[in-house]
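Asker: Starting off with a structure, shown below.
The values are calculated or read from the model by the stated rules, or taken from the named source; none is laboratory data. A quick note: this is a predicted structure, and the numbers were derived from the prediction, not measured. Glycine gets a Cβ as well: all are built from the backbone with ideal geometry, and neighbour counts include every protein chain shown.
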Amino acid sequence: MSTSAPDAPDVEPMSVSKRSWIVVGVAVAVVLALVVAGVLWNVHRSYPSTAGTVRAENASFIVGDDRAPKTVDVFEDFSCPQCRDFEGRSGSTLAAAARAGQLRVRYHLLTLADAVSPSHSYSSRGAGAIACVARSGDAQVFTRLLKQLFEQAPAHGATEDPSNQQIADLAAASGADTQTRQCIADGAGVDEARTMADTSAKQLKNSNDGDMTTPTVLVGGEQVDSILTGDDWVTDLVTGTSSTR
């Protein structure tokens, strides 16, 4: 008795092209899942707090009495146009409040925008000049030179920026002594300034939920609002009516 072979299953073999599309689809889904996970991680990640003592150790220059009611951390970059505007609107008022003992101001000079300057080093060399001034501790020279370095910062599209010797000449006009001027002309403070800037940038990032925008002003590690609209924020800090995030 003969038996017939069982009927073949009613299944159509999958074509190679169809299998390829399924593989591609799975790969795309995996990539999208990783992207979403990365975005969620960045949104919800936490940054370590930064102690005030750490911010003090890496400040480029500190102005004002350590017994002042409030301490302000200012993060700036000499190649940052918004920082130049900030100094033009608030620099004198902030310096006056420090001289009057109303505020203690810790300046952190970053070098994040070096690459946008014609020399690719103006931020670093400017910060290096301030490091040279810091060795003498002359607050008046610092305040004057800070203003000059922002005023002389290259505008957008400029093809050159001040040399070390020209920065030393600015320091001379600001009242710097011979040793400080030579330090600036030799670029002797640049490496130190870059190291401090790197540490300060990390402090800013940790204090500001990963944001390293300049200028930024912190009080007690909290960001102060409305610093680019004028100098009212300084008065508000002095009177105790300031707004922080």
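Asker: Answer yes or no: is there a residue in the range 214-230 that is in the same structural domain as D66 (by TED's automatic domain parsing), surrounded by 19 or more Cβ atoms within 10 Å (Cβ to Cβ) and in a helix (DSSP H, G or I).
Answerer: Within the range 214-230, none of the residues are in the same structural domain as D66 (by TED's automatic domain parsing), surrounded by 19 or more Cβ atoms within 10 Å (Cβ to Cβ) and in a helix (DSSP H, G or I).
Asker: Quick one: what pairs do we get from the range 138-161, first residue closer than 17 Å to A96 by Cα, second among the aromatic types (F, W, Y), C-beta under 7 Å, 6+ apart or different chains?
Answerer: What qualifies is F142/F61.
Asker: Show the residue pairs that are 6+ apart or on different chains and have beta-carbon atoms under 8 Å apart, the first residue being within the range 173-192 and in the same structural domain as L146 (by TED's automatic domain parsing), the second being surrounded by 22 or more Cβ atoms within 10 Å (Cβ to Cβ) and not in a helix (DSSP H, G or I).
Answerer: Final answer for the pair search is C183/G189; I184/A176.
Asker: Could you check the range 191-245 and list, in sequence order, the residues that are of a type in the set (D, E) and within 19 Å of the chain's Cα centre (by Cα)?
Answerer: Residues satisfying the conditions are D191, E192, D198, D209, D211, E222, D225.
Asker: Follow-up. How many of the residues making up the range 185-204 are surrounded by fewer than 16 Cβ atoms within 10 Å (Cβ to Cβ) and within 18 Å of A115 (Cα to Cα)?
Answerer: 3
Asker: Also, quick follow-up: Can you tell me which residue is farthest from L94 (Cα to Cα) among those in the range 120-157 that are among the basic types (K, R) and surrounded by fewer than 24 Cβ atoms within 10 Å (Cβ to Cβ)?
Answerer: Of everything passing the filter in the range 120-157, R135 is farthest from L94 (Cα to Cα).
Asker: Please enumerate the residues belonging to the range 163-178 that are assigned to a helix (DSSP H, G or I) and among the acidic types (D, E). Before you say what the answer is, go through the steps one by one.
Answerer: Step one: of the range 163-178, the residues assigned to a helix (DSSP H, G or I) are 164-173, 178.
Within the range 163-178, just D169 meets the criteria.
Asker: Something else now. Report, by residue number, each residue of the range 95-129 that is assigned to a helix (DSSP H, G or I), among the charged types (D, E, K, R) and more than 21 Å from R181 (Cα to Cα).
Answerer: Correct list: R99, D114.
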